[in-house]
Amino acid sequence: MRTMELKTKLEILADAAKYDASCASSGAVRRSSLDGRGIGSTEGMGICHSYTPDGRCVSLLKILLTNACIYDCVYCINRLSSNVRRARFTVEEVVQLTLDFYSRNYIEGLFLSSGIVKSPDHTMGELVEVARQLRVDHDFRGYIHLKTIPDAAPELLADAGRFADRLSVNVELPQRESLQTLAPEKDEQTIRVAMGRLRTHIDDTKDARRERVASSLRSKPAAAPPFIATGQSTQLIVGADTSNDRQIIGLAARLYASYRLSRIYYSAFSPIPDASKRLPLVAPPLQRESRLYQSDWLLRHYGFSVDELLPPERPHLALEIDPKFAWALAHPEFFPLDVNRAPREALLRVPGFGRRTVDRILRSRSVRAVRSDDLKRLGVQPAKALPFVVLPDHRPKGNASAVLRNTVARLNPAKAMQLELYA
Ligand code: SF4
């Protein structure tokens, strides 16, 4: 068989990787340089972005090692039965591409995933070898995110963690039954065991580091070898099965608690060519993906519970309004809050107040009372927050929900209809 050009492989395998959302490019403003102007793209093909622990945004070469696969996950364009053009990089090709792109300043790291060829161990072995060659043979200091194959041998996962900054094990479908139907070769238990192993490794490494810091008081110890410094993540596909938002966010809460994931990526299912009849014909609205991200954030950083965001009687997130706003409208008894007296946890629930804003308010009010003129300076969106708060020179007239409903109805009738659901 004639050897395929490297450029052709790159086209095929960068395009095939765009279906994997588990690097942080989703949510970015869509930009492209296909019109010949500018450099780079956020279109999810070829280059994606991720964030280092210190908050730096890095560009990653996002590719598959191969889009051939012996599994037949119904929702995946690379499945065994899919009629797509196949390509496969060698380990050395991926290493060289990464180094070339890196030396030209196109990228700061690599996001590498793969279809499964020959066996899970064989494929995982090749992924690890790419990372090993980059780190050990070429002293590559850039960011590496590897996708892991849950059925691969534990030793391979452990090796992957030594070389990569982040590993992801994709849960994919929120319900066990969906996984059985749509990805019959995958097994929920195996995925959980792999995530559990990574968590144990991460915890052990942290313990070892603490131990070394403590013993450094006595002697100077060698640095503990790192293990996926930015932690593990996973991806949930939204809209390929019948899971509602409560099931998805409920699962996310359990995954964060059980495996201390750094992040969960929500990827709206996109219909694929020659799709199975078991799949929906249309993609879910992209706004659903964005509302799930907002709920996930509220869960992790704002003290909301799954039941508060998605009570059993309302298992879907509103698309027109953000989940914090929806919660506030459903809880008029909680408002208005006195900005100068309320505790931090309560202020975090005010629409228009972010974490930094709340911290600024707390600092500011320790010096003098915060007034409505101060809000903008402190980073608040006054139109959003004022109906929910009391200040020395401001008190909302009437019920906060009614005030907001009227304001929103004037600005956006479609949004107003959604708000009625939260009456
Ligand atoms: S194992 Fe991965 S690449 Fe293979 S068919 Fe399933 S989702 Fe696609």
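No value in this document is a laboratory result; all are computed from the given coordinates. Keep in mind that what you see is a predicted model, and the values were worked out from it rather than measured. Glycine also receives a Cβ, built like all others from the backbone with ideal geometry; neighbour counts cover every protein chain displayed.
With a ≥ b ≥ c taken as the square roots of the eigenvalues of the C-alpha gyration tensor of region 122-267, please select rounded if a/c is under 1.5 and otherwise prolate if a/b is larger than b/c or oblate if it is not?
Prolate shape, in that a/c is at least 1.5 and a/b is the bigger ratio.
Go through region 249-263 residue by residue and turn each phi into a ³J(HN,Hα) via Karplus (6.51, -1.76, 1.60, θ = phi - 60°); whole Hz please, and just put x for glycine and proline.
6, x, 5, 4, 4, 5, 5, 4, 5, 7, 10, 6, 5, 6, 7
Normalized C-alpha radius of gyration of region 144-200, against 2.2 N^0.38 Å?
Output field value: 1.15.
Just the number, please: Stokes-Einstein D of region 194-295 in µm²/s, Kirkwood Rh from C-alpha pairs, 37 °C, 0.692 mPa s.
Rounded, D is 199 µm²/s.
How large, in Å, is region 244-315 by the Kirkwood hydrodynamic radius built from its alpha-carbon pairs?
13.5
Which net charge results for the neighbourhood of PRO382, defined as the other residues with beta-carbon distances under 13 angstrom from its beta-carbon, given Lys and Arg at +1 and Asp and Glu at -1?
Spelling it out: positives minus negatives among the neighbours equals +1.
Nothing charged except the Cβ atoms of Lys and Arg (+1) and of Asp and Glu (-1): what's the magnitude of the dipole of region 253-307 about its Cα centre? Round to the nearest 20 debye.
120
Pairs LYS62/LYS147; LYS62/LYS206; LYS118/LYS147; LYS324/LYS397: which exceed 19 Å Cα-Cα?
From the list (LYS62/LYS147; LYS62/LYS206; LYS118/LYS147; LYS324/LYS397), the Cα-Cα distance tops 19 Å for LYS62/LYS206; LYS324/LYS397.
Where the eigenvalues come from the Cα gyration tensor of region 94-142, what are the semi-axes √(5λ) of the equivalent ellipsoid, largest first, in whole Å?
22, 12, 7
What's the whole-number percent of alpha carbon pairs in region 59-190 lying beyond 20 angstrom?
When every Cα pair of region 59-190 is considered, 46 percent fall beyond 20 Å.
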